[in-house]
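I have placed the structure first, in the form of structure tokens, so that the comments after it can refer back to it.
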Amino acid sequence: MVGSFIDRSKVGSRSLGPDPSDPKSSGATRRAAIGLVLGAPLLTACSNVQQGLSGFSSPFGSNAAAPAPAGPAQQPVVAGNGQVKVGLLLPLSAAGNAGVAAQSMKSAAEMALGEFQNPNIQLLIKDDGGSPQGAGQGAQQAVDEGAEIILGPLFALSVPATAQVARTRNIPCIAFSTDSSVAGHGVYLLSFLPESDVNRIVEYSASIGKKSFAALLPENAYGNVVEVAFKQAVGRHGGRIVAFEKYGADRAAPARTVAQALGQADALLIADDGDSVVATADALTAAGANLRNIQLLGTGLWDNPRVAASASLQGGLYAAPDPSGFRAFAGRYRTRYGSEPVRTATLAYDAVALVAALAKVPGSGQRYSSEILTNPSGFAGIDGLFRFRPDGTNERGLAIMRVASAGSVPVAGSPKSFGA
């Protein structure tokens, strides 16, 4: 069932009945599209959730080498006074964007706790400093204090140290890394995985008759993940790949190769961040490609002003969460904190909302069990539907967006439920 949740600031303790199509937030009522989808009628509560997207600056922004701490570690903080204890690990004292993102995610986590109706959880917030050692220490402190589940860390390099501690107590970890190689064995990733973007955009392309695909991808970790997902998705939908190239610092030669083959293709995938997508499109144009004659495809990293401003990329399609959710979330965040949230802040919000809802499941050994967390119906939060796979990765229900100079517009909405 779907237990839908609404903003307690507007309705107090009233809870809604099951409604998987509950509308997203609007200005007057600020209704949230948060739901918890479970196979049994376990949960109905009040809360608020909307939407978010990828890392702070680069395709694998949350997986870059862990930064050196900017200063001394911040002291642990406890938020909430519920009976169910939950660890939250973030690089609060890390340098640069990582520390900024961590502070915003901490605020979002506390916001979720404040908006949830009568939460029975206590957040044990630990600063991991952005290092594996700090993550291991923070996780140990959390489990010693009775944490039944750990949220975080943010960096892929810190996940194994956290997981090692969590496994000794047989408790799960919901991390925020986008590196699927660190998932599994009780580690679940609540993040934006490139695989979900690629699977959704190829699926949609096939549904509108695209059968022949080309791709031009970066020669890096992100490109490698996209390559595997792209080739599998095209095969799964009965398509064929007529051209495939990867580029490094020099895009000219790969762009020429792909440009020469575009006459045989229905669609072209360019998967990279905003600046690089524009540069790649320019390289293709310089190589003689007429990009108006082919359907351009992208991933959620296309949600970037540089992409919207590019004449070459107008009409391109990409997979991403419906942006209306993040706008509603960001509005509430601004009201509460007087500043803008980072895009990853919604991950922390959704994680806290999820564990708060599941805290209502009786029995400490059951509420965060693998059977509950991997329920195939999944969960609905700020970023739409998501579900954890048994291998620890996730699947998200994404919208299809079309690039337009005035701002991307949805051409296919997020799914209301998952298939088998």
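The values are calculated or read from the model by the stated rules, or taken from the named source; none is laboratory data. Remember, it's a predicted structure, so these values are computed and weren't measured experimentally. Note: ideal-geometry Cβ built from the backbone for every residue, glycine included; neighbour counts use all protein chains shown. Heads up: the accessible areas ignore ligands, DNA and RNA and are worked out on the full protein's heavy atoms, side chains in. Shrake-Rupley method; radii C 1.70, N 1.55, O 1.52, S 1.80 Å.
Calculate log10 I(q)/I(0) of the stretch 174-328 for q = 0.11, 0.14 Å⁻¹, where I(q) comes from the Debye formula with a single equal point scatterer on each Cα and nothing for solvent.
Values, matching the q order: -0.41, -0.67.
Just name one of HIS237, PRO132, VAL226: the one whose Cα is farthest towards the positive end of the charge dipole of the stretch 117-253 (beta-carbon charges, Lys/Arg +1, Asp/Glu -1).
HIS237
Divide the volume of the convex hull of the Cα atoms of the stretch 314-396 by its number of residues and quote the answer in cubic angstrom per residue. Write down the numbers at each step before the final one.
Values: hull volume 10.5 nm³, N = 83.
About 126 Å³ per residue, rounded to a whole number.
Show me, for the stretch 72-82, the HN-Hα J-couplings you get by feeding each phi into the Karplus relation (A = 6.51, B = -1.76, C = 1.60, θ = phi - 60°), rounded to Hz, glycine and proline as x.
x, 4, 6, 5, x, 10, 10, 10, x, 9, x
Using 0.36 nm per residue of separation minus the Cα-Cα distance, give me the extension gain between ALA404 and GLN260 in nm, one decimal.
Values: separation 144, 0.36 × 144 = 51.84 nm, distance 2.67 nm.
Full extension from ALA404 to GLN260 adds 49.2 nm.
What FRET efficiency do you get for ALA311 and ASP391 if R0 is 41 Å and r is their Cβ-Cβ distance, rounded to the nearest 0.05? Write down the numbers at each step before the final one.
Values: r = 41 Å, r/R0 = 1.01.
That gives a FRET efficiency of 0.50.
Mind checking the full-extension length gain between GLN164 and ARG240? Use 0.36 nm per residue of separation minus the Cα-Cα distance, one decimal, nm.
Difference between extended and current length: 23.2 nm.
Report ³J(HN,Hα) in whole Hz for each residue of the stretch 292-304, in order, from the Karplus equation J = 6.51 cos²θ - 1.76 cosθ + 1.60 where θ = phi - 60°; Gly and Pro get x.
6, 8, 9, 7, 7, 10, x, 10, x, 5, 6, 6, 8
When only the heavy atoms of the protein chains count and the probe is 1.4 Å, how do VAL100, VAL202 rank by accessible area, highest first? Please list the in-between numbers first.
On the way: VAL100 90, VAL202 0 Å².
Most to least solvent-accessible, the answer reads VAL100, VAL202.
What is the antiparallel percent of DSSP beta bridges lying wholly in the stretch 242-401, to the nearest 5? All intermediate terms of the calculation are to be shown ahead of the outcome.
On the way: 9 of 14 bridges.
For the stretch 242-401, the DSSP antiparallel bridge percentage is about 65.
So what is the relative contact order of the stretch 204-331, in percent, for Cα pairs below 8 Å that sit 6 or more residues apart? Walk me through the numbers on the way to the answer.
Working: 199 pairs, mean separation 29.7, N = 128.
Normalised by residue count, the contact order of the stretch 204-331 is 23 percent.
Set the Förster radius R0 to 41 Å, insert the Cβ-Cβ distance between ASP282 and THR335 as r into 1/(1 + (r/R0)^6), and round the FRET efficiency to 0.05.
Details: r = 41 Å, r/R0 = 0.99.
The value I calculate is 0.50.
What is the set of long-range amide H partners of TYR188 at a cut-off below 5 Å, with H atoms built 1.01 Å from backbone N?
CYS173, ILE174, ALA175
Counting only residues 5 or more places away or on other chains, whose amide H sits under 5 Å from the amide H of LEU296 once H atoms are built in the peptide plane?
So LEU296 has HN proximity to LEU268, LEU317.
Show me, for the stretch 333-340, the HN-Hα J-couplings you get by feeding each phi into the Karplus relation (A = 6.51, B = -1.76, C = 1.60, θ = phi - 60°), rounded to Hz, glycine and proline as x.
5, 4, 4, 7, 10, x, 8, 8
Say the dipole of the stretch 64-199 comes from +1 at the beta carbon of Lys and Arg and -1 at that of Asp and Glu; which of LEU154, SER196, GLY82 then lies farthest toward its positive end?
Selected residue: GLY82.
Over 30 Å between Cα atoms, which of LYS85/LYS416; LYS210/LYS416; LYS211/LYS416; LYS360/LYS416; LYS126/LYS246 qualify?
Values: LYS85/LYS416 32 Å; LYS210/LYS416 24 Å; LYS211/LYS416 26 Å; LYS360/LYS416 24 Å; LYS126/LYS246 40 Å.
From LYS85/LYS416; LYS210/LYS416; LYS211/LYS416; LYS360/LYS416; LYS126/LYS246, over 30 Å: LYS85/LYS416; LYS126/LYS246.
Can you tell me the dipole magnitude for the stretch 179-292 around its Cα centre, using point charges on the Cβ only (Lys, Arg +1; Asp, Glu -1), in Debye to the nearest 20? Present the calculation step by step, with values, prior to reporting the outcome.
Details: 10 positive and 13 negative charges, 112 e Å.
Using Cβ point charges on Lys, Arg, Asp and Glu, the stretch 179-292 gives about 540 debye.
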